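What follows is a single structure, written as structure tokens, with notes after it.
The values are calculated or read from the model by the stated rules, or taken from the named source; none is laboratory data. Model, not experiment: these values are computed from the prediction. Every residue, glycine among them, receives a Cβ derived from its backbone with ideal geometry; neighbour counts consider all protein chains shown. The accessibility values were calculated without ligands, DNA or RNA, using every heavy atom of the protein model including side chains. Shrake-Rupley method; radii C 1.70, N 1.55, O 1.52, S 1.80 Å.
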Amino acid sequence: MRRKLAAGNWKMNGTSADLDRLATLAASHGAAGCEVLICPPATLVARAADSVSGSAIAIGGQDCHAAASGAHTGDVSAAMLKDAGASHVILGHSERREDHGETDAQVRAKTEAALASGLVAVVCIGEKLAEREGGKTLDVVGTQLDGSLPDGVTGETLLIAYEPVWAIGTGKVPTLAQIGEVHDFLRTRLEERFGAATGGAIRLLYGGSVKPGNAAEIFAVSNVDGALVGGASLKPEDFGPIIDALEASAG
Ligand code: PGA
């Protein structure tokens, strides 16, 4: 049985004034029946971890460097995130792949660094609109999956987020059949590479314009084990109902 997880990605949003949103979320959903993860900007990780301490809400980073330390101005290592109170880190988000040219090989190296530091990696993959329209979606996500994951991952140390690039922040969502097709494909691919037990235990999140109004139907799709939520994670009044829908889907 895979435990459901609702993750919020604040992206480059939030200052100390926004930490009260976390306190609100912790008060209402701090003992939720599913896992809840919030990934604020790196500047807030330590204080966010303090804000939710005592609740079941976990805090994660949005990226880390592949090296443990060294001359990498402006970067943050996995060990630093862990030290600041993070338990998870998002890696290979399409905005990192786009803005910083991150390749599958780099995402794989970052994932290795995260696992070595004891962080759970949330590795993102997803096709662009032209790839979807060109019928290349499964090829693209399969290649990203293969290239972005190191050997030796487990259901406890890794999650995958399938995020069609064209659905992120656009209000456009694939059909439920399209989501199901990709998630079923990813499940099979994980089982082929890591074996049935491990491949069957790795959770698959859907991300891209998840909102309170569409969460329940997305969570009913096979092999959808939760969501990675951007815009709607910024407000507890939006993210709370998404967590509720996920809990309801877990039965
Ligand atoms: P969105 O972002 O929910 O705002 O579409 C999702 C993401 O980028 O993780």
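Restricting to segment 98-146, what's the tally of residues that are surrounded by 13 or more Cβ atoms within 10 Å (Cβ to Cβ), within 16 Å of the ligand (Cβ to nearest atom) and without any contact (Cβ under 8 Å) to a residue 24 or more places away in the chain?
Here the count works out to 1.
Restricting to segment 1-49, count the residues that are touching a strand residue (DSSP E or B) at 6+ places or on another chain (Cβ under 6 Å), within 16 Å of the ligand (Cβ to nearest atom) and among the aliphatic types (A, V, I, L, M).
Final tally of qualifying residues: 6.
Give the number of residues within segment 71-97 that are at negative phi, touching a helix residue (DSSP H, G or I) at 6+ places or on another chain (Cβ under 7 Å) and surrounded by fewer than 20 Cβ atoms within 10 Å (Cβ to Cβ).
Residues that pass the stated criteria total 2.
Only one of (1) free of Cβ contacts under 8 Å to residues at least 40 places away in the same chain; (2) open to solvent by 20 Å² or more (accessible area, probe 1.4 Å); (3) among the aliphatic types (A, V, I, L, M); (4) under 24 Å from H29 (Cβ atoms) fails for V210. Which number is that?
(2) is the only condition that V210 fails.
Which residues, counting only those in segment 157-207, are among the charged types (D, E, K, R), in contact (Cβ under 8 Å) with a residue 40 or more places away in the chain and either under 18 Å from A6 (Cβ atoms) or surrounded by 15 or more Cβ atoms within 10 Å (Cβ to Cβ) (or both)?
Those that are among the charged types (D, E, K, R), in contact (Cβ under 8 Å) with a residue 40 or more places away in the chain and either under 18 Å from A6 (Cβ atoms) or surrounded by 15 or more Cβ atoms within 10 Å (Cβ to Cβ) (or both): E163, E181, R189, R203.
Out of segment 59-70, which residues are open to solvent by less than 20 Å² (accessible area, probe 1.4 Å) and under 22 Å from K4 (Cβ atoms)?
Those that are open to solvent by less than 20 Å² (accessible area, probe 1.4 Å) and under 22 Å from K4 (Cβ atoms): I59, G60, G61.
Give me the pairs, please: first residue somewhere in segment 225-249 and on the phi > 0 side of the Ramachandran plot, second residue anywhere and part of a helix (DSSP H, G or I), beta-carbon distance under 8 Å, and either six or more positions apart or on two chains.
G226/F219; G226/L246
State which residue pairs qualify: first residue in contact (Cβ under 8 Å) with a residue 40 or more places away in the chain and inside segment 72-92, second residue among the hydroxyl-bearing types (S, T, Y) in any location, beta carbons under 6 Å apart, and separation of 6 or more residues or different chains.
S77/S69; A78/S117; L91/T111; G92/S148
If you scan segment 231-251, which residues turn out to be touching an Asp or Glu at 6+ places or on another chain (Cβ under 9 Å) and either at pLDDT below 95 or not in a helix (DSSP H, G or I) (or both)?
Residue satisfying the conditions is L234 alone.
Is segment 176-186 home to any residue that is at pLDDT 95 or above, in contact with a strand residue (DSSP E or B) (Cβ under 8 Å, 6 or more places away or on another chain) and of a type in the set (F, W, Y)? I'd like the intermediate steps shown before the answer.
Step one: filter segment 176-186 for residues at pLDDT 95 or above, giving 176-186.
Filter once more, keeping what is in contact with a strand residue (DSSP E or B) (Cβ under 8 Å, 6 or more places away or on another chain): 179, 182-183, 186.
Among the residues that remain, those that are also of a type in the set (F, W, Y) are: none.
No, segment 176-186 has no match at all.
Just to verify a result, which residue in segment 154-191, among those that are touching a Pro at 6+ places or on another chain (Cβ under 9 Å) and part of a loop (DSSP other than H, G, I, E, B), is nearest to G92 (Cα to Cα)?
The residue in question is P164.
For A216, which of the numbered conditions (1) out of contact with any Gly (no Cβ under 9 Å at 6 or more places or on another chain); (2) open to solvent by 10 Å² or more (accessible area, probe 1.4 Å); (3) within 15 Å of the ligand (Cβ to nearest atom); (4) not in a loop (DSSP other than H, G, I, E, B) fails to hold?
(3)
Evaluate the following for D151: is it surrounded by fewer than 14 Cβ atoms within 10 Å (Cβ to Cβ) and either away from the ligand (no atom under 16 Å from the Cβ) or in a helix (DSSP H, G or I) (or both)? Quick ask: steps written out before the conclusion?
Values: surrounded by fewer than 14 Cβ atoms within 10 Å (Cβ to Cβ): yes; either away from the ligand (no atom under 16 Å from the Cβ) or in a helix (DSSP H, G or I) (or both): yes.
Yes, satisfied.
As an exercise: evaluate V224 against (1) under 19 Å from H93 (Cβ atoms); (2) part of a helix (DSSP H, G or I); (3) more than 11 Å from the ligand (Cβ to nearest atom) and give the number of the one condition it does not meet.
(2)
Here is a yes/no grid of residues against (1) out of contact with any Cys (no Cβ under 7 Å at 6 or more places or on another chain); (2) within 16 Å of the ligand (Cβ to nearest atom); (3) β-branched (V, I, T):
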residue: E156; (1), (2), (3): yes, no, no
residue: A161; (1), (2), (3): no, yes, no
residue: P174; (1), (2), (3): yes, yes, no
residue: Q178; (1), (2), (3): yes, yes, no
residue: L190; (1), (2), (3): yes, no, no
residue: P212; (1), (2), (3): yes, yes, no
residue: F239; (1), (2), (3): yes, yes, no
residue: I242; (1), (2), (3): yes, yes, yes
residue: S249; (1), (2), (3): yes, no, no
